[in-house]
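*Asks:* Please find one structure pasted underneath; my questions will follow.
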Amino acid sequence: GEETKNKKQIRFLKTFVVFNVAQTDYQEKGYKLPDLKDNPHLLGCDAVIQDYTGKHSIKITAGDRAAFLPQMDIITIPDICRFKTSEHYYATMFHECIHSTGPRLDRFKRTDPVCFGSDTYGREELVAEIGSAYLAALTGINSAAVVQNQAAYLQNWATAIKADADLVMYAAGRAEKAADFMIGVSVQVPTSATGTDAAEGVTA
């Protein structure tokens, strides 16, 4: 005399009509459009990045933030149209590429995590930003705006630099070695992993 109900899950496909923003009244309704720029790709910079990442099988994927994920050997970065200029995009991309040289040049191990703001994290950030500046100058994109951003970024680590007089020399030396490694200049790669700078995801 008891009633029971049985539920059955049915999967089905749905279709959606998609329009270009220019075909809608999106702006007229007062909605804010994403701030996207028509930034061109710079062939010289793309060549440096593609030669390096292709040679070392580093995957580049689109993401909401720029980061290098050591465990998966993946660089994530927003689309170039999300950056203020093409130069800012490539400076950021170079930064993440320099991070990706870390486990290859034994600055850190892929399996050793490091907390944001730690000494090891700070050292790696300095290496990546100085290395980015090297590559920006090499490829001719060291515009005033990019240099200003890089200087401001490095200023964030001023306290750490003042506390450790050797920190700049450490970072500059390893940044130069990382940049040379990226562009194919002969660099002696360590035969054993002894570094301690590591990150689950080293972000810009």
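The values are calculated or read from the model by the stated rules, or taken from the named source; none is laboratory data. Nothing here was measured: the structure is a model prediction, and the numbers come from that model. Cβ: placed from backbone, ideal geometry, glycine included. Neighbour counts: every protein chain shown. These area figures cover heavy atoms from the full protein model, side chains too; ligands, DNA and RNA do not enter into them. Shrake-Rupley method; radii C 1.70, N 1.55, O 1.52, S 1.80 Å.
*Asks:* Residue by residue through region 51-56, which ³J(HN,Hα) values in whole Hz follow from phi under the Karplus form 6.51 cos²θ - 1.76 cosθ + 1.60 (θ = phi - 60°), with glycine and proline marked x?
*Replies:* 4, 6, 5, x, 5, 9
*Asks:* For region 63-112, what % of the accessible area comes from carbon and sulfur atoms, probe 1.4 Å?
*Replies:* 47
*Asks:* While we're looking at this one, here's another question. P(r) of region 51-90 in 10 Å steps, Cα pairs, percent per bin?
*Replies:* All Cα pairs considered, the percentages come to 29, 51, 20, 0.
*Asks:* Within region 32-70, report the trypsin sites (Lys or Arg not before Pro) that DSSP leaves as loop and that have at most 12 other Cβ atoms within 10 Å.
*Replies:* Of the trypsin sites (Lys or Arg not before Pro), the ones in loops of region 32-70 whose Cβ has at most 12 other Cβ atoms within 10 Å are 32, 65.
*Asks:* Between residue 43 and residue 137, what length comes free when the chain is fully extended (0.36 nm per residue of separation minus the Cα-Cα distance, one decimal in nm)?
*Replies:* Full extension from residue 43 to residue 137 adds 32.3 nm.
*Asks:* Next up: Ignoring ligands, DNA and RNA, how do 57, 100 rank by accessible area with a 1.4 Å probe, largest first?
*Replies:* 57, 100
*Asks:* Could I ask something else about it? Under 25 Å Cα to Cα from residue 177, which lysines show up? Leave out anything in the same chain fewer than 8 places away.
*Replies:* Within the straight-line limit of under 25 Å, residue 177 reaches these lysines: 55, 59, 109, 162.
*Asks:* Step through the residues of region 73-83 one at a time and calculate ³J(HN,Hα) from phi using the Karplus curve (6.51 cos²θ - 1.76 cosθ + 1.60, θ = phi - 60°), rounding each to whole Hz and writing x for Gly and Pro.
*Replies:* Whole-Hz 3J(HN,Hα) from phi for region 73-83: 6, 10, 9, 10, 7, x, 4, 4, 6, 7, 9.
*Asks:* Sort 15, 24 from largest to smallest accessible area, using a 1.4 Å probe on the heavy atoms of the protein chains.
*Replies:* The ranking, largest first, comes out as 15, 24.
*Asks:* Each residue of region 64-72 in order: what ³J(HN,Hα) in whole Hz does its phi give by Karplus 6.51 cos²θ - 1.76 cosθ + 1.60, θ = phi - 60°, with x for Gly and Pro?
*Replies:* 7, 9, 8, 6, 10, 9, x, 4, 9
*Asks:* Suppose each label sits 7 Å from its Cα in the direction of the beta carbon; what would the residue 84-residue 163 distance come out to in nanometres?
*Replies:* Label-label distance for residue 84 and residue 163, simple model: 2.9 nm.
*Asks:* Given H placed 1.01 Å from N in the peptide plane, which residues other than close sequence neighbours of residue 60 have an amide H under 5 Å from its amide H?
*Replies:* For residue 60, the qualifying residues are 75.
*Asks:* To continue, here is another question. Once you have the Cα-Cα distance between residue 51 and residue 3, take 0.36 nm times their residue separation minus that, and quote the gain in nm to one decimal.
*Replies:* Result: 10.5 nm gained on full extension.
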